[in-house]
Amino acid sequence: MSVLIVYITVILLIIFCLLRRKRQLDLRIRLPPGNHGLPIIGETLSFAKKKVEFFRERHNQHGQIFRTHLFGKPMIRIMGSENLRKVFLGENRIVKSCYPNSVSKLLGPNALTMSHGDNHKQRKQQLLKFFSREFLANHTCVFRDAIVQRLEKWCSLPSINLHNECRQLLVELTARFLVNIDLPDATLAEIKNLLDTISNNLFVLPIYIPGTGYHKAFQAKNRIKEIFQEALQAGCQTKGLSSVLESFGASFDNLDADNTETLLDSIFELMWTGSESISTAGFTLVYLLTKQPKYLARLRRDVLMEEQHEVEDECFREVHTNRSYADAVVRETLRLLPPVGGVFREALQDFELGGYTIPKGWTISVSIRETQQNDASMTSNPMSFCPERWFQKPSNGEPIPYLPFGGGARLCPANAFAKLVLNIFTTELAKRCDIEVVKDSELNLWPSAKPVSDFLVSFRHTDTPSRNHRRQFRRLSNG
């Protein structure tokens, strides 16, 4: 009995000393406020239940910077333009890009998303060559044709599931123009469902057991690779290997088992990254316009006025004007509901941020959504959808916080492609379609915005003809 008492006393003393040392360390390096929760799992269970609300509650309690423990790692959550700017500009110096284990293992060590340093820089430069202004100008009209065909199909149906259809549209554009493979609608729909499965099971415990979310995500990835392997064997390519795939490390040279696997991994990464964010933005754009029909009316009026001015390169100019109202609608959508709510970094060294110490090795969760919605520089109804704010000077002189594509060395290399596609979609939508909500739904914002239940809308041809429609009518009449 006395031996047991001694053991218990020793254990309690060790725990006391460890807690005291931790307290002294916290005081010396001044960790941000917060709570690490339970041993090992931290606050992961609370986060799994509350999702986005978990971060909101703690930001309200602790301010722009707080600490927690998620996905098996100590984590610092940050928001605020200045804090984000310091982290983004510190890439490869004080921080490096990182992801939770479930994401990094799903994409694999050779993914462009997982690369760092010179390797990432070189591959990104190759990707930027592909997404050049010349490429975008040469492809604007074919992008527009594909989008118009999809809008016409939507107008022919009684109603559509908007989220599903936007995802399928972007899967088609990514497969056709970035991977150079044409796929039938049924296959595109299957890929869309598989990508949904992956998105819904990204941030989970990486336990590969049948029935777990991690296992479901891996099975979906493997099926997508099977689909593209079958398409390559069937000769479904529209032309040779695209430059964008080359930048992802793919090659058709010496396609043995290992190289084929690398090619398919590159196609998977491109399909996921190329369609996920833009389809989410397209969905939220229409969703927000249905909540504020006056902005769709203003958008249509602006687009029709723009059509009155003849220009040499009409296709490209229509959708690449940074000061157009369509651009303002896209910007406001990406500000209020960015498709990527946040990104992750790992501290390469101890550094100061907002008066606190960020310890080396800790994960930093960078909050883009909360920064754009709640930054101190936003003084005019930041939670409201208002494209007009992009034509106004901020009352406090501070620029509107706008980081939907990240920043610094990890700025999304496809941001010009994303903005072009979204501007085409917005412009053609305004020209051609009236929208009516058939079945409404609230939004779930984790990990990206999507409806809680089916969000059904009806598309109908607008009664206001655009100039191109009037030209088509005149040609038919004169013929």
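Read the figures in this text as sums done on the coordinates, not as results from a lab. Here the structure is a predicted model, which is why all the values come from computation and not from measurement. Cβ sites come from the backbone with ideal geometry, for glycine too, and all protein chains shown count toward neighbours.
Neighbours of Leu84 by Cβ distance under 13 Å: Lys/Arg scored +1, Asp/Glu scored -1, total +2.
For the stretch 31-478, what does the alpha-carbon gyration tensor say about shape, rounded, prolate or oblate, given a ≥ b ≥ c as the root eigenvalues, a/c under 1.5 as rounded, and a/b over b/c as prolate? Note, shape of the stretch 31-478 comes out oblate.
Placing +1 on the Cβ of every Lys and Arg and -1 on the Cβ of every Asp and Glu, with no other charges, gives the stretch 31-478 a dipole of roughly 880 debye about its Cα centre. Taking amide hydrogens as placed 1.01 Å from N in the peptide plane, the amide H of Glu91 sits under 5 Å from those of Ala409, each at least 5 positions away in sequence or on another chain. A cut-off of 5 Å between modelled amide H atoms, ignoring neighbours fewer than 5 places along the same chain, links Val438 with Leu456, Val457, Ser458.
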